[in-house]
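Read-outs: derived from the displayed coordinates by stated rules, not from any lab. What you see is a predicted model; the values in this text were computed from it and never measured. Cβ placement follows ideal geometry from the backbone for every residue including glycine, while neighbour counts extend to all protein chains displayed.
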Amino acid sequence: MKVVTRVLLVIVASVALAGEVRAQGTLAKELSGSAKQANELANQLWKDRKFHLALLKYQAAYAESKNPKLLWSILACHRAEEHYARALQSLYEYRDKTQGLRTTKDQRDLDDQLGKLGQMVSRVKLTIEEDDVQVYVDNDEDPIATTPVKEVMVDFGSKRTLTFKKRGSRRPRVL
């Protein structure tokens, strides 16, 4: 019974995530050059369930084109990898950059995702008096924030390790 339940959950999750890159049809027409190539490769990597690699390509396409529709695909990759805080950050950026451009359905999807992802993260308030300190979670390679910042979001769940490192410093401080 457990195996059947897990398989069903995986199928439901896959169907839900597949819808998250649904806007690719119109997006493909809006992109050109290296952004279009990166997006096409990312779409294939997504279909192959290689979410981390798809994320890198979607991010490259976004860096090149600045098309905010790519942020939806970026958040879908973060969510597929269970990096909910990063997904929520991408969603906030999508919300800010598509202000006035969203359809009613887009707004419903946005509100739905904000509610779901908001339940998957915890907010940690920080008091750091020094500027230019990078904040890392669980030995991740990329900082989640750089001071000055008042709070950070971390994925809800088990114990988390925060590491603080001043740019140029060799010794991080772990809490």
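At a glance:
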read-out	value
Chain lengthening between E141 and T26 when straightened (0.36 nm per residue, less Cα-Cα)	38.1 nm
Full-stretch length increase - T98, R123 - with 0.36 nm per residue and alpha-carbon distance subtracted	6.5 nm
Theoretical FRET efficiency, 1/(1+(r/R0)^6), r = Cβ-Cβ of L114 and R170, R0 25 Å, to 0.05	0.05
